[in-house]
Amino acid sequence: QVQLVESGGGLVQVGGSLSLSCLASTRTFANYAMGWFRQAPGKEREFVAAIDWRGSSTSYGDSVKGRFTISRDNAKNTVYLQMTSLKSEDTAVYYCAAGPSRAAVRATPDYWGQGTQVTVSS
């Protein structure tokens, strides 16, 4: 069982930056690919980014390419999402997820965090 706890959400202005963190409670963090998703009110959950277990391969949703960066620190059991040039449409609850591969995380994650709210105001 893997527990994921997100942090770093909050209120930011349009054009600003914010960094999210996700701490995983497992001794085998390096065995998992990790991902970020988001869900805005009234919308379906959307894939944001994923990273493989080594941190050498990443993928992004089209709406965040070039603005968001996913990274991880296996020594700290933590995955990060650096968000820049934020837009009002980035407002959502952001969820951390874990799975056996980057493709699996994107399709059907095995584990989910509880989410952290990001609000981008104009």
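So if I check each of Ser85, Ser63, Ser59, Ser71, which one is in contact (Cβ under 8 Å) with a residue 24 or more places away in the chain and closer than 19 Å to Pro100 by Cα?
Ser59
Of all the residues that make up region 63-73, how many are open to solvent by 40 Å² or more (accessible area, probe 1.4 Å) and either under 26 Å from Thr26 (Cβ atoms) or part of a strand (DSSP E or B) (or both)?
Of the residues in region 63-73, 3 are open to solvent by 40 Å² or more (accessible area, probe 1.4 Å) and either under 26 Å from Thr26 (Cβ atoms) or part of a strand (DSSP E or B) (or both).
Suppose we filter region 107-122 for residues that are under 11 Å from Phe37 (Cα atoms) and assigned to a loop (DSSP other than H, G, I, E, B); how many remain?
Residues that pass the stated criteria total 3.
Is it fair to say Thr26 is within 17 Å of Asp110 (Cβ to Cβ) and either free of Cβ contacts under 8 Å to residues at least 12 places away in the same chain or among the β-branched types (Val, Ile, Thr) (or both)?
Criteria met by Thr26.
Condition test on Ala107, is it open to solvent by 10 Å² or more (accessible area, probe 1.4 Å), among the aliphatic types (A, V, I, L, M) and out of contact with any Cys (no Cβ under 9 Å at 6 or more places or on another chain)?
Yes: the conditions hold for Ala107.
In region 74-101, what residues are in contact with an Asp or Glu (Cβ under 8 Å, 6 or more places away or on another chain) and either in a loop (DSSP other than H, G, I, E, B) or modelled with pLDDT under 95 (or both)?
Passing the criteria: Pro100, Ser101.
Which number in (1) open to solvent by 10 Å² or more (accessible area, probe 1.4 Å); (2) under 21 Å from Leu23 (Cβ atoms) marks the one condition that Leu81 misses?
So the condition that Leu81 fails would be (1).
Can you name the residue in region 34-60 that is of a type in the set (Gly, Ala, Ser) and under 16 Å from Thr119 (Cα atoms) and, of all such residues, is surrounded by the fewest Cβ atoms within 10 Å (Cβ to Cβ)?
In this case the residue turns out to be Gly42.
Exactly one condition in (1) without any contact (Cβ under 8 Å) to a residue 60 or more places away in the chain; (2) of a type outside the set (Val, Ile, Thr); (3) more than 16 Å from Val105 (Cα to Cα) is not met by Ala50; state its number.
Answer for Ala50: the failing condition is (3).
From Ala104, Ala50, which residue is assigned to a strand (DSSP E or B) and small (Gly, Ala, Ser)?
None of the others qualify; the one that does is Ala50.
Return yes or no: is Ser71 under 26 Å from Gln1 (Cβ atoms) and either of a type outside the set (S, T, N, Q) or modelled with pLDDT of 95 or more (or both)?
yes
Does any residue of region 12-33 turn out to be β-branched (Val, Ile, Thr), assigned to a loop (DSSP other than H, G, I, E, B), open to solvent by 30 Å² or more (accessible area, probe 1.4 Å) and closer than 22 Å to Thr78 by Cβ?
Among the residues of region 12-33, at least one is β-branched (Val, Ile, Thr), assigned to a loop (DSSP other than H, G, I, E, B), open to solvent by 30 Å² or more (accessible area, probe 1.4 Å) and closer than 22 Å to Thr78 by Cβ, which makes the answer yes.
The values are calculated or read from the model by the stated rules, or taken from the named source; none is laboratory data. Everything numeric in this text was worked out from a predicted model, so none of it was measured. Every residue, glycine as well, gets a Cβ built from its backbone with ideal geometry; the counts of neighbours run over all protein chains shown. Ligands, DNA and RNA are excluded from the accessible area calculation, which covers all protein heavy atoms including side chains. Shrake-Rupley method; radii C 1.70, N 1.55, O 1.52, S 1.80 Å.
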